[in-house]
Amino acid sequence: MLKLLKITGTLVGLVLLAMVAGAAFIHFRGIPHYPIPSGQFQARVTPDAVIRGEKLVNTMCAGCHRNADTHTLAGGPMLDAPSVFGKWYVPNITQDSTWGIGAWTDKELMVLLRTGIKRDGEYSPPLMPKLPHLADNDLEAIIAFLRSDDPLVAPDRTADMRSQPSFLVKFLSTIAWKPLPLPAERISMPDSTNQLELGRYLAVNLDCFSCHSADFKSNDIMNPEASLGYFGGGNRTLNLKGEILL
């Protein structure tokens, strides 16, 4: 009996040691890195694409990336991020080559927007939306606008602050949150004469469902209709301190 207790105690101790070692590894390694997908990509830049891109960026990106002091997309503190996720900063996405995306290639931008993998391979957690269902033309339009001469994206040397993800974010990024796959084929724009098809594209492919469904944690980004409370509302609204309003 005593021998059995010793063996059990040893096994429990080893399990606890493994758990502590695993937690330490996750904490010090941080958010995982992944290989950059291979292949080529070049956005087609046209005047119409820039106009379309301006609408998309102002609708989908500027809310987080607009800097209140410089009035550019220079980023800043993400004040509405829940404190359980750590301390987060929205990155500078102006054309500055040091602090912004001026040195990024079109492919690097595409990979980030589609998969969540940054140019250095680090994964971007779900605090940044991913756009796996966005039509290729709209993706190119976003990049075209980011390359344009609009004052919103003019080079701004506001320095990026390094986010401080919590252990929870590091843990979830290790076991649950993963990069999304690149589309297997080109995604076409919807038929503009088909109101149902166009409406679904605007509401689903442009990611409206993420906020308007029951809970961010139960959203299914690859199969939006499978999200809990799909378009039924329920996601809690946060103020700029990350506190629940409703």
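The values are calculated or read from the model by the stated rules, or taken from the named source; none is laboratory data. None of the values given here were measured: they were computed from a predicted structure. Note: ideal-geometry Cβ built from the backbone for every residue, glycine included; neighbour counts use all protein chains shown.
Key figures for this structure:
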{"item": "Residues that are under 24 Å from VAL169 (Cα atoms), without any contact (Cβ under 8 Å) to a residue 60 or more places away in the chain and charged (D, E, K, R), drawn from segment 202-236", "result": "ASP215, LYS217, ASP220, ARG236"}
{"item": "Leading residue by the ranking (nearest to VAL153 (Cα to Cα)) among those in segment 39-91 that are basic (Lys, Arg) and either free of Cβ contacts under 8 Å to residues at least 60 places away in the same chain or not in a helix (DSSP H, G or I) (or both)", "result": "ARG66"}
{"item": "Residue in segment 183-206 that is modelled with pLDDT of 95 or more and touching a strand residue (DSSP E or B) at 6+ places or on another chain (Cβ under 7 Å) present", "result": "no"}
{"item": "Any chance ASP120 is closer than 23 Å to TYR34 by Cβ and part of a loop (DSSP other than H, G, I, E, B)", "result": "yes"}
{"item": "Condition check for ILE175: more than 16 Å from the chain's Cα centre (by Cα) and at pLDDT 95 or above", "result": "no"}
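Per-residue answers, yes or no, for (1) surrounded by 15 or more Cβ atoms within 10 Å (Cβ to Cβ); (2) modelled with pLDDT under 95:
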position	(1), (2)
PHE25	no, yes
GLY39	no, yes
PRO47	no, no
ILE51	no, no
CYS64	yes, yes
ALA68	no, yes
VAL90	yes, no
THR94	yes, no
